[in-house]
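Participant: I have a structure here, written as structure tokens, and I will follow up with some questions on it.
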Amino acid sequence: MENERAQAHSDSRERILDQAKVLFALHGYRGLSMREIAEAVGISKAGIYYHFRDKEDLFTAIVHRYLDDLARLIDTAQQAHAAVRTQVEEIVGAILRQPAGDRALVRLAGQEMAHLSEGARSRFEAAYEEQFIGRLRDVIAAGMARGELRALNPETAAWALLGMMYPYFTPAGEEGYPPEAVIADLLRIYFDGLSAAGRPHAP
């Protein structure tokens, strides 16, 4: 019986997170009330507050859950492939093939964190570094250390890759995925550049 109650509690919490994620992506943090979330989930406001202290607690739980997913995605790519380029290709492809509502969380978090408390922002920044951009930087740094990639600043290289992906962290209301050809071109540009091999550079 105790296990059943615990499972029901977990299922209810996950249902709230899933539905609120969609609503936040569509309406933003400030444009959404706990009442609207409760109505969308089909439970009372008290039911929402049973799981989450307030709207900030709910929003940050959604963002941190997504960062956990990104960390697992990066770790899986590292375990599955020896070559760093293949790892990065796997990471970028997996992120850009996610549903639009998931990809939107990266953009949404950056836009809405300014409206949260200082403590929530600090925790997000630490988690973003540990779970996502820091892991991505470490993958790239390993490739540089092994001579697979040019020896540049891995921090700059990681943020450059994130910047190339950013337009595809789909804004609210848009659906679909970047075409596979777009993902392939993005990765070729990142690793190989645009300069045509053997052609003289313009002065």
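Participant: Could you list LEU152, LEU161 so that the one with the fewest beta carbons within 10 Å of its beta carbon is first and the one with the most is last?
Facilitator: Lowest to highest Cβ neighbour count: LEU152, LEU161.
Participant: Residue by residue, what Karplus-based ³J(HN,Hα) values in Hz, rounded to whole numbers, does segment 81-95 have, using 6.51, -1.76 and 1.60 with θ = phi - 60° and x for Gly and Pro?
Facilitator: Couplings: 9, 7, 6, 5, 4, 5, 4, 5, 4, 5, 5, 5, x, 5, 5 Hz.
Participant: Only loop residues by DSSP count here, and only those with at most 15 other Cβ atoms within 10 Å; note down the trypsin sites (Lys or Arg not before Pro) in segment 114-157 that meet that.
Facilitator: Sparse-neighbourhood loop trypsin sites (Lys or Arg not before Pro): ARG146, ARG150.
Participant: Per residue of segment 132-145, what does 6.51 cos²θ - 1.76 cosθ + 1.60 with θ = phi - 60° give for ³J(HN,Hα)? Whole Hz please, x for Gly and Pro, Karplus curve as stated.
Facilitator: Ordered by residue, 3J(HN,Hα) equals 10, 5, x, 5, 4, 4, 5, 4, 5, 4, 5, x, 5, 5 Hz.
Participant: Expressed as a whole percent, how much of the Cα-Cα distance distribution for the chain exceeds 26 Å? All intermediate terms of the calculation are to be shown ahead of the outcome.
Facilitator: Values: 8782 of 20503 pairs.
So the portion of pairs separated by more than 26 Å is 43 percent.
Participant: Now for a different question. If I take every Cα pair under 8 Å that is 6 or more residues apart in the chain, average their sequence separation and divide by the length, what percent do I get for the relative contact order?
Facilitator: 24 percent.
Participant: Can you give the calculated 222 nm mean residue ellipticity of the chain, where each DSSP H run of n ≥ 4 adds -39,500 (n - 2.57) and the sum is split over every residue, rounded to the nearest 500 deg cm²/dmol? Display every interim value, and only then the final one.
Facilitator: Details: 10 runs with 141 residues, N = 203.
It lands at -22500 deg cm²/dmol.
Every read-out reported here was derived from the displayed coordinates using simple, explicitly stated rules and does not represent laboratory data. It should be emphasised that the depicted structure is a prediction, and the values quoted were computed from it without experimental measurement. Because the Cβ atoms are built from the backbone with ideal geometry, glycine has one as well, and the counts that use them run over all protein chains shown.
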